[in-house]
1. Sorting 115, 104 by accessible area (1.4 Å probe), largest first, what list results?
2. Compute the distance in nm between two label points, each set 7 Å from the Cα along the Cα-to-Cβ direction, one at residue 57 and one at residue 108.
3. Counting Lys +1, Arg +1, Asp -1, Glu -1, what net charge surrounds residue 63 among other residues with beta carbon under 13 Å of its beta carbon?
4. Starting with the highest mean, order 80-86, 70-76 by the number of other Cβ atoms within 10 Å, averaged over the residues of each peptide.
5. With point charges of +1 on the Cβ of Lys and Arg and -1 on the Cβ of Asp and Glu, referenced to the Cα centre of region 51-96, which listed residue (73, 63, 85) lies farthest in the positive direction of the dipole?
Amino acid sequence: MARTKHPASRTRNHPKPTGVATAGTATSSAAATPTRRSPRSPAAKTSPRQAGRQKKKYRHRPGTVALREIRHFQRTWKLLIPAAPFIRLVKEISNFYTLDVTRWTAEALVALQEWITTGDYFTPLIGCRGLSGSVV
């Protein structure tokens, strides 16, 4: 016989009526109504068991955020130095040293700009760790 899923049945504990008048007794209306907490009250939001706990911050698996950042930065072309002033500066410096180099390809300028900006980023990191002078 094949297994089938059975829906879970909820059993609710209905409070028994407490203020029902029987043949020989009389009860007041205050005793007949059960006391309930307001759903908007702060006491209703936290149970005594959860009062000391804080909600855990969601953490991604290792490497997920790094891969997302790699995809983001591969899509963007935001460089630290704007391209037009950098190109003018490179051409001015190359003309100062030699007049033979007059043309630059776009790929060469982008590669040079990325190399310079990463060098500016990594040089202080290497220098503050004392690794800049030691080559093994």
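The values are calculated or read from the model by the stated rules, or taken from the named source; none is laboratory data. On a predicted model such as this, the values are computed, not experimentally measured, just so you know. Please note: Cβ atoms are built from the backbone with ideal geometry, for glycine as well, and neighbour counts cover all protein chains shown. These area figures cover heavy atoms from the full protein model, side chains too; ligands, DNA and RNA do not enter into them. Shrake-Rupley method; radii C 1.70, N 1.55, O 1.52, S 1.80 Å.
1. On the way: 115 175, 104 90 Å².
Solvent-accessible surface, decreasing: 115, 104.
2. 4.8 nm
3. +3
4. 80-86, 70-76
5. Most positive-ward Cα: 63.
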